[in-house]
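The values are calculated or read from the model by the stated rules, or taken from the named source; none is laboratory data. What you see is a predicted model, and the numbers here were worked out from it, not measured in a lab. Ideal geometry is used to build each Cβ from the backbone, glycine not excepted, and the neighbour counts take in all protein chains shown.
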Amino acid sequence: MTQAAVGRQVKFLEDGLDCRLFHRLYRSIKLTDEGEALYLVVAESMQKIAGVFDRLATGPEQRELVLAATSAFSHLRLLQRLEALREAQPALQRRLSTHMFTADLRHKEIDVAVRFGNGAWGDGTATYLFDEEVFPVCSPAWIRRFGMPATLEEVAAPLVESDSTSEGGWMGWEEWFNAVGVRPVRLKFALRCSLYTDAIQAARFGQGIALGWGRLVADLLAAGELVRVDVAAFKSPDAYYAVVPHGRTITPSVEALIAWLRTGADSHNPK
């Protein structure tokens with residue numbers, strides 16, 4: 001359909017419902033609250049219809065499961081554990097969909113997504129996986145050079161920072177210090193990174209102290225590539241969840257994948 005034809009159909013729909021579905025912005029549009037409500041129910045219904053067609057065409061079990069995660073979760077936790085998943089479920093065909101930030105389930109062919117937050121999302125059914133604790137980490141080489149920080153004031157410099165986002169409970173250094181009840185006079189940064197994975201790599205290579213998200217840096221701590229600076233830690237009220245988009249069929253394979261994410265993934269022992 002042409003853009004003009006789509007515009008006429010949207011206007012016809014808005015007139016019939018007697019409400020606006022879109023905010024018309026400069027060179028863009030955005031759903032209104034009414035548009036968002038209509039979108040969610042229509043999308044869920046369409047996904048259910050598509051799910052029935054898929055089951056009729058391919059059988060009750062999916063041939064491939066698409067698992068979505070952020071780049072940090074994928075690179076620091078998932079990739080080194082996928083072989084264990086293959087051994088546990090040899091018949092399962094896997095595809096990993098990695099995103100810079102939280103995956104949008106409305107526009108992706110995703111079966112399960114790993115998210116960090118409070119579990120209250122309107123686009124899927126969330127299953128609790130595990131909690132999270134945030135604390136400073138650095139390399140053994142950095143400790144040998146400068147010594148182990150004994151106080152929070154000694155942790156305040158030099159820091160490696162990654163850009164925090166507004167998603168979930170993700171935090172940067174300033175938010176972390178406020179959360180543990182200390183506000184240094186000044187934070188001194190040795191390096192700022194766009195990606196959390198880069199910040200952790202920089203800490204591994206002795207560039208400074210980074211924030212360690214316990215579930216993500218567990219393997220690096222166990223391997224001795226990072227050291228926990230045990231002066232303070234923040235136990236986040238948010239957690240990791242496995243989210244199945246509304247309309248997706250929760251097959252035995254999906255249930256097994258979620259169970260593995262919750263329990264089996266912790267059995268990995270890095271060499």
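Screening N178 with (1) of a type in the set (S, T, N, Q); (2) in the same structural domain as A203 (by TED's automatic domain parsing); (3) in contact (Cβ under 8 Å) with a residue 24 or more places away in the chain gives one miss only, at (3). Filtered by the rule that a residue be at pLDDT 95 or above, among the hydrophobic types (A, V, I, L, M, F, W, C) and in contact with a Leu (Cβ under 7 Å, 6 or more places away or on another chain), the range 217-231 gives V217, L220, L226. Of these, G212, G247, which one is closer than 22 Å to F73 by Cβ, buried (at least 16 other Cβ atoms within 10 Å of the Cβ) and touching a residue at least 12 places away in the same chain (Cβ under 8 Å)? Testing whether each residue is closer than 22 Å to F73 by Cβ, buried (at least 16 other Cβ atoms within 10 Å of the Cβ) and touching a residue at least 12 places away in the same chain (Cβ under 8 Å) leaves just G212. Identify the single condition in (1) touching a residue at least 24 places away in the same chain (Cβ under 8 Å); (2) surrounded by fewer than 14 Cβ atoms within 10 Å (Cβ to Cβ); (3) under 25 Å from N178 (Cα atoms) that P140 does not satisfy, given that it satisfies every other one. Status for P140: all satisfied but (3).
Do we find a residue being surrounded by 12 or more Cβ atoms within 10 Å (Cβ to Cβ) and at pLDDT 75 or above anywhere in the range 54-63? Scanning the range 54-63 turns up no residue that is surrounded by 12 or more Cβ atoms within 10 Å (Cβ to Cβ) and at pLDDT 75 or above.
Of all the numbered requirements in (1) loosely packed, with under 11 Cβ neighbours inside 10 Å; (2) modelled with pLDDT under 80, Y26 misses one, and that requirement is (2).
Applying a threshold of 7 Å to beta carbon distances and a minimum spacing of six or more residues, or different chains, the list of pairs starting in the range 67-80 at a residue that is closer than 14 Å to W260 by Cβ and ending at one that is among the hydrophobic types (A, V, I, L, M, F, W, C) and assigned to a helix (DSSP H, G or I) reads L67/L257; A69/L78; R77/L216.
Might you let me know whether the range 134-157 holds any residue that is of a type in the set (D, E) and not assigned by TED's automatic domain parsing to the domain that holds I200? Before the answer, list the steps.
As a first pass, look at the range 134-157 and keep what is of a type in the set (D, E): 153-154.
Okay, now just the ones that are also not assigned by TED's automatic domain parsing to the domain that holds I200, so none.
Looking for residues that are of a type in the set (D, E) and not assigned by TED's automatic domain parsing to the domain that holds I200, one finds none in the range 134-157, hence no.
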